[in-house]
1. Please give the number of the condition Val26 fails out of (1) farther than 24 Å from Gln126 by Cα; (2) touching a residue at least 60 places away in the same chain (Cβ under 8 Å); (3) surrounded by 13 or more Cβ atoms within 10 Å (Cβ to Cβ).
2. What single numbered condition from (1) touching a strand residue (DSSP E or B) at 6+ places or on another chain (Cβ under 9 Å); (2) within 30 Å of Ala172 (Cβ to Cβ); (3) of a type in the set (D, E, K, R) fails to hold for Asp99?
3. Within region 145-168, is there a residue that is within 18 Å of Gln107 (Cβ to Cβ) and small (Gly, Ala, Ser)?
4. Which residues, taken from region 119-174, are of a type in the set (Val, Ile, Thr), touching a residue at least 24 places away in the same chain (Cβ under 8 Å), open to solvent by less than 50 Å² (accessible area, probe 1.4 Å) and out of contact with any strand residue (DSSP E or B) (no Cβ under 7 Å at 6 or more places or on another chain)?
5. Please go through region 16-50 and give me each residue that is of a type in the set (Gly, Ala, Ser) and in contact with a Leu (Cβ under 9 Å, 6 or more places away or on another chain), ordered by number.
6. Just give me the residues in region 127-169 being assigned to a helix (DSSP H, G or I) and of a type in the set (Gly, Ala, Ser), in sequence order.
7. Would you mind listing the helices (runs of 4 or more DSSP H) fully within region 29-97 where at least 2 residues are open to solvent by 50 Å² or more (accessible area, probe 1.4 Å) and modelled with pLDDT of 90 or more?
8. Checking Glu11 against (1) part of a helix (DSSP H, G or I); (2) of a type outside the set (Gly, Ala, Ser); (3) surrounded by 11 or more Cβ atoms within 10 Å (Cβ to Cβ): exactly one of these is not met. Which one?
Amino acid sequence: RSLERPVLSDEEIDADAKTYLEQAMVVLDPDRTEVRYNGEWLSKLTYAEVVRLARTITVARMLERDDFEKRFKAGDPISVSELLYPLMQAYDSVAVEADVELGGTDQLYNLLAGREVMEAYGLEPQVVLTTPLLLSWDGEKMSSSLGNNIPLTMAPEEQFGRTMRISDDQLAQW
């Protein structure tokens, strides 16, 4: 099995970012919103800067992450790039000097890593807010890649139709 998920092309990343931004602007005021792309700082990191960043968290700390811990104990492979991902996400918080970062509960480890990395860079650690992941009508995590999501930019009739697929026993969570 491959050690990594497929790497998206720049065009795919840009298209995804455009989609997310369009949906975010349904609920955010575009005139009061600053949009930044982490390529502004991540693409400029030198090898020495990546090494400095990598020194902020130990491998033992990384292996505390649920999915890494389970895979390590099972003898399943974990690539170095997977270990770097939470660090790069954490560096985003350093670059923008984040006060607050919001994410799903599946991102809790990465969000907390951001606090540690910010402190290592002499910054006040961000406040972390998480939201529970919603399961879609098929019982899977809601995801645009699975097509079981309800995009905010979708036609109202389609949003309604997808929402009506949610079973009654899921309504309390929703």
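The values are calculated or read from the model by the stated rules, or taken from the named source; none is laboratory data. Quick caveat, the model's predicted, so the values are computed rather than measured. A quick note on method: Cβ atoms are made from the backbone with ideal geometry, for glycine too, and the neighbour counts reach across all protein chains shown. The protein model used for the area step is the full one, side chains on, heavy atoms only, and it has no ligands, DNA or RNA in it. Shrake-Rupley method; radii C 1.70, N 1.55, O 1.52, S 1.80 Å.
1. Unmet condition: (3).
2. Every listed condition holds for Asp99 apart from (2).
3. Within region 145-168, one or more residues are within 18 Å of Gln107 (Cβ to Cβ) and small (Gly, Ala, Ser).
4. Passing the criteria: only Ile166.
5. Within region 16-50, just Ala24 meets the criteria.
6. Gly161
7. Where helices (runs of 4 or more DSSP H) fall fully within region 29-97 and carry at least 2 residues being open to solvent by 50 Å² or more (accessible area, probe 1.4 Å) and modelled with pLDDT of 90 or more, they are 47-54, 59-62, 66-74, 80-96.
8. With respect to (1) part of a helix (DSSP H, G or I); (2) of a type outside the set (Gly, Ala, Ser); (3) surrounded by 11 or more Cβ atoms within 10 Å (Cβ to Cβ), Glu11 is out only on (3).
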